[in-house]
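Taking it in order: structure first as structure tokens, then the write-up.
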Amino acid sequence: MQREQLADFLRRRRAAIRPAEVGITDGPRRRIAGLRREEVAMLAGMSVDYVVRLEQGRSSQPSTQLLGALARALRLSDDERDHLFHLAGHQPPPTDGMARLARAGLVRMLDLLGDTAALVVSDLGEVLAQTLTSTLLTGDHTNFTGDRRYLAYRWFTEPDSRPLHPPAEQDRHSRQLVADLRAVAGRRSGDPTVTGLIARLDAASPEFRRLWAEHEVGIRRADRKTLVHPRVGPILLDCETLVTPDLGQELLVLTPADAESRERLDLLRVLGTQEFTVG
């Protein structure tokens, strides 16, 4: 761990980020152009004291999870993120989908989307970043570990993951997940990350085995679906998908499909904002 170099890099990157880039209002009484330490701490989900110690070269070695959170908070490019990991004494996360971080450009797009429900997902269905509205709508999906980080694995092995989708749409959702995974398996033929996930799903879920045997293939580009929120009820959503050139990550944008759904989503944001204020 190169403490002094890490501290210098973090200080300089913090100073280079404009508050507006991360959705923070730049008021007239602000004395610095970059982010404050407490703002980095808030964005990264860590204590201000730990950010201070990192920037002063007094911290213990940060975990890869904390480094990933810092990379997202500071909007680091892929090269800058890898440099951050090296300075902290870790190998950068591999690009095999197991520990991938959302690309800086996609994270910036999330910032620009503001109150829209949107998320960045890897090609294997790992949620890498979410807007606040997406979190209010579906819960925080960015902190799962192991196979549970994959949407398909939770869907086929954990019944508690299904009530968000109405019963009438669950079979279609199952088929979409399997067809999408089929496309990834074809594109990443022989990749042990993909073949391992498929083997574990095959062993754990008879439903997955049945659908996998049908060999349906399809990548979702646009979709309309209903999500049943426990507090505001069903919300009909249009889902648009933008993919990176290598098809490794996707930006999913969810917008209300009718006036009633728009009202319910607005209500959910109000309820969520009140809870965060009280907390």
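The values are calculated or read from the model by the stated rules, or taken from the named source; none is laboratory data. Because the structure is a prediction, the values reported are computed rather than measured. We place every Cβ from the backbone using ideal geometry, glycine too, and count neighbours over all the protein chains shown.
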Query raised in the report: With respect to the numbered conditions (1) at pLDDT 90 or above; (2) more than 30 Å from VAL184 (Cβ to Cβ), which one is the sole condition not fulfilled by HIS229?
Result: (2)
Report summary line: The residue that is farthest from LEU128 (Cα to Cα), considering only those in segment 71-85 that are surrounded by fewer than 16 Cβ atoms within 10 Å (Cβ to Cβ) and in contact with a helix residue (DSSP H, G or I) (Cβ under 8 Å, 6 or more places away or on another chain), is GLU80
**Report entry** Elements of type helices (runs of 4 or more DSSP H) contained in segment 160-264, each with 3 or more residues being out of contact with any Cys (no Cβ under 6 Å at 6 or more places or on another chain), aliphatic (A, V, I, L, M) and surrounded by 18 or more Cβ atoms within 10 Å (Cβ to Cβ)
**Finding:** 167-187, 192-204
Query raised in the report: Quick check, is ARG210 basic (Lys, Arg) and under 23 Å from the mean Cα position of the chain (by Cα)?
Result: no
Requested in this report: Please go through segment 118-147 and pick out each residue that is among the acidic types (Asp, Glu), assigned to a loop (DSSP other than H, G, I, E, B) and surrounded by fewer than 22 Cβ atoms within 10 Å (Cβ to Cβ).
Outcome: ASP140
Report task. Kindly list, by first and then second residue, each pair from a residue in segment 45-64 that is assigned by TED's automatic domain parsing to the domain that holds ARG14 to a residue that is at pLDDT below 85 and assigned to a helix (DSSP H, G or I), limited to pairs with Cβ atoms under 6 Å and residues at least 6 apart or on different chains. Result -> GLY45/ALA69
